[in-house]
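Just so you know, all these numbers are worked out from the coordinates, no wet-lab data involved. In this text, all values refer to a predicted model and were calculated from it rather than measured experimentally. Cβ sites come from the backbone with ideal geometry, for glycine too, and all protein chains shown count toward neighbours.
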Amino acid sequence: MISAEDHARLTGAIREAESHTAGEIVVVVAEQASNYRSIPVVWALLGALLTPWPLIWITNLSAARIFSVQLVVAFLLSLFLSWPSRRFSLVPRFIKRTRAREAAAREFIGRGLTRTRGRTGVLIYVALAEHHAEIIADTGIADRVEARAWQEIIDALTTAIKNGRISDGLFEAIQRAGALLAQHAPPQADDVDELPNKVIVL
């Protein structure tokens, strides 16, 4: 996913960016935002609910038999659709986007970005399978930077992910986020490095 060489390059980019700002940048890369384990069950239950209709019209099966067929259909569909690649392909796009945003919010809180001294933490989150990128800025910087500026970075990073250029995309995103932080949260004399300067891979 990200080579050791790229890890070193991205770590250097974070350190360089943070040397010009009081802000903190944390980068998290997840192979997938969610396991989506409930999705096969939903599709299996839907299939089971639809099963009786053709059976009622073309067979003389009793209600008890039809119910038994429903149970078998639900079990087999759930088993078949639980294979990871099939499961992921069944997930609607809006659910993928929602799960990725929820995962980013959890990482933002869990990685301590709400606890920096000046509330100037910025999370760059990537969910590779979903081709989704998210940037969350804490209150100390979010109020100073227009949402459009972050969105431009997200759009460029998302394009890089889709083109298989994850490391280059992250490098550019770190540089651009660092430039915004340097402009709106300049370094202070008593700055300390509060959060890890590395790419966290989940």
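Key figures for this structure:
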| read-out | value |
| --- | --- |
| Gain on full stretching of the segment that runs from Arg148 to His7 - 0.36 nm per residue minus C-alpha separation | 47.9 nm |
| Peptides ranked, highest mean first, by Cβ atoms within 10 Å: ranges 133-143, 17-27 | 17-27, 133-143 |
| FRET efficiency, 1/(1 + (r/R0)^6) with R0 41 Å, evaluated for Leu90 and Lys198 via beta carbons | 0.75 |
| FRET efficiency estimate (nearest 0.05) - Cβ-Cβ, Leu61 to Glu102, R0 30 angstrom | 0.10 |
| Gyration tensor verdict on region 101-202 (Cα atoms; rounded if a/c is under 1.5, prolate if a/b is larger than b/c, oblate otherwise) | prolate |
| Listed candidates [x] 17.4; [y] 17.9; [z] 19.2 - label of the one calculated as Kirkwood radius over Cα pairs in Å | [z] |
| Helix-derived mean residue ellipticity, 222 nm - over the chain, DSSP H n ≥ 4, -39500 (n - 2.57), to 500 | -18500 deg cm²/dmol |
| 0 to 90° range, to nearest 10: angle between helix 166-184 axis and the chain longest Cα axis | 50 degrees |
| DSSP bridge pairs, the chain: antiparallel proportion in percent, nearest 5 | 40 percent |
| Residue among Arg65, Arg176, Arg99 with the largest mean-square fluctuation in a Gaussian network model of the chain, springs linking Cα atoms under 10 Å | Arg65 |
| Relative packing of peptides 101-112, 117-128 - highest average C-beta neighbours within 10 Å first | 117-128, 101-112 |
